[in-house]
Amino acid sequence: MPQVECEIERIQQGSSYTIKFSLGEPGLVWMLSDDSRVGPYGFSDTSLDLLTVAFCIFHIEKLLHKNLLTNPPKKYTLTVPMYQPEKWRQPQVTQALQQLLTCLDDAEWEFIFKPNDQTLKPKLNIETNADVSIKQIALFSGGMDSTCGVATISSEERKATRYVSYYTRQYTAQNNILKDLGISDPSALTSFYSRCKTVVVENKEKITERKNTNKSFYYRSFLFMSLGAVIADSWQCRHLIQFENGILANAVSPTPAILMTKHAHPILHEYFTQLLSNLYDSTWTLKNPFVFNTKNEIHQFALDVCPKFNDILIKAETCWYHYANHALVGKKNANRPCGICIPCIIRLTADSNYSSICEIDILDKSVQIDAKKGFAFRSYQGFAERINVCKDKNDFYLRVLDSNTRELIASGWSVNYQSLYDVYKRFSNEFIQTFPK
């Protein structure tokens, strides 16, 4: 079996280690759900290599040692077998990949691409209907934003749209939401799943087997975008859509104590399309229609076209800890949103019914002032108040923008300052109205 190795160098000297696993059982395996179909062109070697890199990074992050805040990785050296190693060694491809990953978590990445002599390739359920023509691929998680996004796609556009998801336990929910939105064709959704069972971790002292126990999620958006890309290529399509509200997409941190993921950031989209354009020798686009809209606004967009949308929305999952039996503050019931994490709080600014299904009611003043339960809430409350007193975009830059966002702007993010300020200003008003003092 082809072998993957990733050497992880951490900030503290002497704490480096190496993760090893095979491509294929009993190591890394990816698959599609039984109902999933891919386009008539199937998966090229370029697409299979993109999936290999993306799934490897996804699982390596899940296998990282803990203490990520006090002793985070500063450099990854990934040795990975590829069908087209020479293509990935091209400077424009390697540099685009490195730039994308560094954008997500600041760490340095180095790659050693070696030949993959594995001749057994995955069996795919190929679409055989010659009348089907797909023009865009939409990433669909089954969360509130992607559900709102699918609702706003016109009936004519839906004929030329396919949806792509990665699933663990939400496969049924994703399918049911699409059916409720009027998308009954089971082949409309292509769903991926993966597992990595047997992994060896080596450091100076010992060699151990390790399970996927880490809760870091900086890199997973690279996987999700890659899944959309390979399905798009199977249709010879070059347009991707990712739905995310502007507050989380632009990832302005409310306080230095909160590290924001850039899972749908505009500059990440730029880097990813550069990578795809170099890999596939063609021009790609990846758009977020909601990049300058609040969650409340996209909810209204969906209601405008689907009056019974709230009956569907109740099925959309938001919480970071939905399936867990714990949250930030201890135990909770599994399969229920916590109500106090950042996504839950922001959803409440758009969906007033949401608190009724949450484990903890953040609308309760005693919860808001609780040292642990109310931490994220108070961070966003202060954030909203600082934004609210801003008079213009220049004031917003000086008073509100975090250092990470300023660094992105300095490094070339050509953001529309006025639009960025406007969406956060509207959000601050919505937050203050939702949570009056």
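Picking from His326, Ile342, Phe377, whose Cα lies most toward the positive end of the charge dipole for the stretch 318-434 (charges on Cβ: Lys, Arg +1; Asp, Glu -1)? Highest projection toward the positive end goes to His326. Secondary structure note: in the chain, about 50% of the DSSP beta bridges are antiparallel.
With the simple spin-label model, which puts each label point 7 Å out from Cα in the Cβ direction, the Tyr193 to Asp364 separation comes to 3.7 nm. Normalised by 2.2 N^0.38 Å, with N the number of residues, the alpha-carbon radius of gyration of the stretch 318-434 equals 1.20. Judged by the mean number of other Cβ atoms found within 10 Å, the most tightly packed of the peptides 276-284, 178-186 leads the ranking 276-284, 178-186.
How high is the FRET efficiency from Lys121 to Ser282, r the C-beta distance, R0 30 Å, rounded to 0.05? Before the final figure, lay out the partial values.
Working: r = 23 Å, r/R0 = 0.76.
Calculated value: 0.85.
Among Lys365/Lys391; Lys159/Lys287; Lys62/Lys331, which pairs are too far apart, with a Cα-Cα distance over 25 Å? Before the final figure, lay out each step's value.
Working: Lys365/Lys391 29 Å; Lys159/Lys287 19 Å; Lys62/Lys331 22 Å.
Violating the 25 Å Cα-Cα cut-off are Lys365/Lys391.
The numbers here are math on the coordinates, done by the rules we state, and not lab data. Predicted model, so just to flag it, every value in this text is computed and none were measured. As a convention, Cβ positions derive from the backbone with ideal geometry for all residues, glycine included, and neighbour counts pool all protein chains shown.
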